[in-house]
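Take a look at the structure set out below.
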Amino acid sequence: MHALTCPICNALSGFMNQRCPRCGTTVGIHLPSRALVVASEEGVQIDGRRWVRCSNWDDGGCNWMTPAEVDEDSIGLRGRCFPESLIRRQPDPDDTIAIDKMRATTLDLRLLVFQLVDLGLAVEPFWRRDGGLAFDLLSSQTAGEPVMIGHANGVITIDLAESLDAYRERLRVDLGEPYRTMLGHFRHEVGHYYEHILVETGAGAEEYLDKCREIFGDERTSYADAIDRHYKFGPPRNWRESFISEYATMHPWEDFAECFAHYLHITGTINTARESGLMLESDQVRFTMNRDIVPLQSYADEPVERLLYDWKWLSTMFNRVNIAMGARPLYPFDIPQPVVRKLGFVHRVIRETARRTPITDPLLAAGPANHPQREASQP
Ligand SMILES: [Zn+2]
Ligand SMILES: [Zn+2]
């Protein structure tokens, strides 16, 4: 997560703040530059384009900016910020119980999209292309139909009821999961989407599919049988030796999605630590550490082992901090060698894709000139 700073006073501002906590300036997130800009009523001029507040600013507490005028290609935005334009279905406005849950859930959606774009992954909206990314945000408590969290042909369904702590926590305990969050659901489901478009179809199929099957298993094995088996017999007894979670053991698709989610957990958290200036100094600790842990600006050109080595030390530290507060560990997972290999594959697919097809969409990528961070930083 980026340390977003106020364009006027440079104070650290939270990811969801509409106002700088220090100087009170109204600020909004500009996705192409992944930076905060002054979000005045009339909008702000960036790279020859006027950006205004998302239409969900007042009612939904969104703090993102969106282009004021759009061409045919971006007509699907309809005044909303880019992440929220990906919402295909949401509760009726008079379903106030479900609408209530939208605020927290759309925040997680914005966090997800911000990170995907930051990793260099293209996000193709459903309103631009069949099979593009879409989100159906529905509540199992009021929808009048079963709401199954899942992914199918670009459409990710999320159960808004899971934004309720009591509801989600009960499921977590019932299912024996060490970790269950709404952001985790988003990261997992989008893993299915990217496996489909980057590994199983298109140019990726030739390059990655065999390797993917070798590492994760053959995804053509029956999914229905896998679900049956999983809920009847549970995971294999020794699952910890080769899987990141019990759920990952169910089917090769779930294994990939779990690893994709963990890749986002790990890179997002390391990035947050780095932007806070955090490092672990080996000569300052009371235990044996071979070297300092200094999170890198980018792990793009590093083997995944480097990322996971830094993460091992940092997550151990974060876990200890949480335990000191009486909370559950931040990252209650172990990464055995086979999972290192799986994460290495996810790392490779994401990095190679980002390098091969840089984002050119003006909604997502900033032009080289007039970087708004510089433009706006003059008080
Ligand atoms: Zn400020
Ligand atoms: Zn918005």
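The values are calculated or read from the model by the stated rules, or taken from the named source; none is laboratory data. If you're wondering where the values come from, they're calculated on a predicted model, not measured in any experiment. Note that we place each Cβ from the backbone using ideal geometry, even for glycine, and neighbour counts take in every protein chain shown. Protein only, heavy atoms only, side chains kept; ligands, DNA and RNA dropped before computing areas. Shrake-Rupley method; radii C 1.70, N 1.55, O 1.52, S 1.80 Å.
In the list V117, V173, V113, V155, which residue meets the criterion of being under 15 Å from Q90 (Cβ atoms) and of a type outside the set (K, R)?
Only one candidate qualifies: V155.
Which of the residues belonging to region 309-323 are among the basic types (K, R) and within 25 Å of R341 (Cβ to Cβ)?
Answer for region 309-323, where residues must be among the basic types (K, R) and within 25 Å of R341 (Cβ to Cβ): just K312.
Would you check if there is a residue in region 75-85 being β-branched (V, I, T) and in a helix (DSSP H, G or I)?
yes
Under the condition of being touching a residue at least 24 places away in the same chain (Cβ under 8 Å) and more than 8 Å from ligand 2 (Cβ to nearest atom), which residue from region 57-74 is surrounded by the most Cβ atoms within 10 Å (Cβ to Cβ)?
It comes out as M65.
Would you tally the residues in region 151-180 being buried (at least 16 other Cβ atoms within 10 Å of the Cβ) and under 23 Å from Y223 (Cβ atoms)?
Total meeting the criteria: 8.
Among the numbered criteria (1) outside any helix (DSSP H, G or I); (2) at pLDDT below 95, which single criterion is violated by D174?
(1)
Just checking, how many residues over region 183-222 are modelled with pLDDT under 95 and among the acidic types (D, E)?
Within region 183-222, residues that are modelled with pLDDT under 95 and among the acidic types (D, E) number 2.
What are the residues in region 6-17 that are over 20 Å from the mean Cα position of the chain (by Cα) and open to solvent by 40 Å² or more (accessible area, probe 1.4 Å), if any?
Correct list: I8, N10, L12.
Considering region 31-56 alone, what residues qualify as being of a type in the set (A, V, I, L, M, F, W, C) and open to solvent by 20 Å² or more (accessible area, probe 1.4 Å)?
Residues satisfying the conditions are V38, V44, V52.
Can you go through L330, L296, L307 and tell me which one is in the same structural domain as S245 (by TED's automatic domain parsing) and either of a type in the set (V, I, T) or open to solvent by less than 30 Å² (accessible area, probe 1.4 Å) (or both)?
L307
Which of the residues that make up region 18-59 are more than 16 Å from ligand 1 (Cβ to nearest atom), within 25 Å of the chain's Cα centre (by Cα) and closer than 24 Å to L119 by Cβ?
Residues satisfying the conditions are L31, P32, S33, R34, W51, C54.
Can you find even one residue in region 253-270 that is at pLDDT 95 or above, assigned by TED's automatic domain parsing to the domain that holds H347 and open to solvent by 60 Å² or more (accessible area, probe 1.4 Å)?
Among the residues of region 253-270, at least one is at pLDDT 95 or above, assigned by TED's automatic domain parsing to the domain that holds H347 and open to solvent by 60 Å² or more (accessible area, probe 1.4 Å), which makes the answer yes.
Taking region 98-117 only, how many residues are charged (D, E, K, R) and at pLDDT 95 or above?
Here the count works out to 2.
Looking only at region 132-146, count every residue that is open to solvent by 10 Å² or more (accessible area, probe 1.4 Å) and of a type in the set (D, E, K, R) and tell me the total.
1
Taking I87 as the residue in question, decide whether it is of a type in the set (A, V, I, L, M) and away from ligand 2 (no atom under 16 Å from the Cβ).
Judged against the criteria, I87 is not a match.
Return only the number of the condition from (1) within 16 Å of ligand 2 (Cβ to nearest atom); (2) buried (at least 18 other Cβ atoms within 10 Å of the Cβ) that C20 does not satisfy.
So C20 meets the others, but not (1).
Can you tell me which residues in region 200-245 are over 27 Å from the mean Cα position of the chain (by Cα), on the phi < 0 side of the Ramachandran plot and outside any helix (DSSP H, G or I)?
Those that are over 27 Å from the mean Cα position of the chain (by Cα), on the phi < 0 side of the Ramachandran plot and outside any helix (DSSP H, G or I): T221, S222, P236, R237, N238.
The rows are residues; the columns are (1) away from ligand 2 (no atom under 14 Å from the Cβ); (2) crowded, with 19+ Cβ neighbours inside 10 Å.
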position	(1), (2)
D100	yes, no
L111	no, yes
V117	yes, yes
D130	yes, no
M148	yes, no
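Going through region 199-238 one residue at a time, which ones are surrounded by fewer than 16 Cβ atoms within 10 Å (Cβ to Cβ) and hydrophobic (A, V, I, L, M, F, W, C)?
Scanning region 199-238 gives A203, A205, L209, A224, I227, F233.
Is it the case that A261 is without any contact (Cβ under 8 Å) to a residue 12 or more places away in the chain and outside any loop (DSSP other than H, G, I, E, B)?
no
Please go through region 81-97 and pick out each residue that is open to solvent by less than 40 Å² (accessible area, probe 1.4 Å) and either at pLDDT 95 or above or within 16 Å of ligand 1 (Cβ to nearest atom) (or both).
Correct list: C81, F82, P83, E84, S85, L86, I87.
Here is a check on your reading of the model: is S282 farther than 16 Å from L343 by Cβ and either without any contact (Cβ under 8 Å) to a residue 12 or more places away in the chain or open to solvent by 20 Å² or more (accessible area, probe 1.4 Å) (or both)?
yes
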